[in-house]
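The values are calculated or read from the model by the stated rules, or taken from the named source; none is laboratory data. Every value quoted in this text rests on a predicted model; they were computed, and no experiment measured them. Cβ atoms come from the backbone with ideal geometry, glycine included; neighbour counts cover every protein chain shown.
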Amino acid sequence: MVELRLPSIELFPAFQNFMAEMILSGGDKWDPYFPAKEECPIQFVERMLRRQNHPENQLVPETVFWAVANVLVVGRISLRHELKGNLHKIGGHIGYEVRPSCRRKGFATEMLRQVLLTSKAKEIGKLLLTCAPDNVASNKTIKTNGGQLTQKIFVEMVQADRNHYWISLGNQESIR
Ligand SMILES: CC(C)(COP(=O)(O)OP(=O)(O)OC[C@H]1O[C@@H](n2cnc3c(N)ncnc32)[C@H](O)[C@@H]1OP(=O)(O)O)[C@@H](O)C(=O)NCCC(=O)NCCS
């Protein structure tokens, strides 16, 4: 069973272990969710928590969750509270990853399900998820959680296509 937890100093050693595996697998692409150089664990945890209300420059408010299963941080998932700029094209409301050694066990599907149950997600109501068309696992994760594919767009910034999915929670207005 996986549980979404807010970053905390108690979980930091387990998060460090997750981080080491992610860095080995993907270089610096996870940086926005990892400690900055010379940032101590307390400062890092506080910065992640502050993002809910007072994000760093350029970022929109977001809730960062660490996904914990059997004392292991297996993944990370973030819920952005609003869309701004390029997030409309790439990124959307929700971003996630699962450490390579824990993939194909249903964690991403369950992490997304749980984020969609949060009051913040319900308040947003209609959420955009973007995904590379060839990312089979992520496309499946989104579809299993009710994502409706509305378009595929070419994103200049990354010179690649992105599928756009919308997930509607409740009976708000229909999908754009
Ligand atoms: C995408 C990612 C989060 C999926 O995590 P995961 O925990 O392995 O996903 P799940 O176990 O919940 O699997 C979801 C579905 O994808 C399938 N799947 C998972 N990995 C797969 C793979 N490599 N090839 C084909 N299918 C795969 C699963 O079998 C499952 O299918 P099902 O619903 O029919 O059973 C993970 O691969 C990852 O972290 N990738 C790098 C970061 C990333 O791409 N993030 C998403 C950006 S949009």
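Pairs needed: first member in region 122-141, within 8 Å of the ligand (Cβ to nearest atom); second member anywhere, of a type in the set (Phe, Trp, Tyr); C-beta distance under 6 Å; at least 6 residues apart or different chains.
Leu129/Tyr165
Taking the options Val45, Val68, Val60, Val64, name whichever one is modelled with pLDDT of 95 or more, in a loop (DSSP other than H, G, I, E, B) and more than 13 Å from the ligand (Cβ to nearest atom).
None of the other options fit; the residue is Val60.
Show me the strands (runs of 3 or more DSSP E) found entirely inside region 79-171 where at least 3 residues are modelled with pLDDT of 95 or more and farther than 28 Å from Pro7 by Cα.
Ranges flagged: 148-155, 160-168.
Would you confirm whether any residue within region 17-27 is loosely packed, with under 15 Cβ neighbours inside 10 Å, of a type in the set (Ser, Thr, Tyr) and touching a helix residue (DSSP H, G or I) at 6+ places or on another chain (Cβ under 9 Å)?
For region 17-27, residues loosely packed, with under 15 Cβ neighbours inside 10 Å, of a type in the set (Ser, Thr, Tyr) and touching a helix residue (DSSP H, G or I) at 6+ places or on another chain (Cβ under 9 Å): present.
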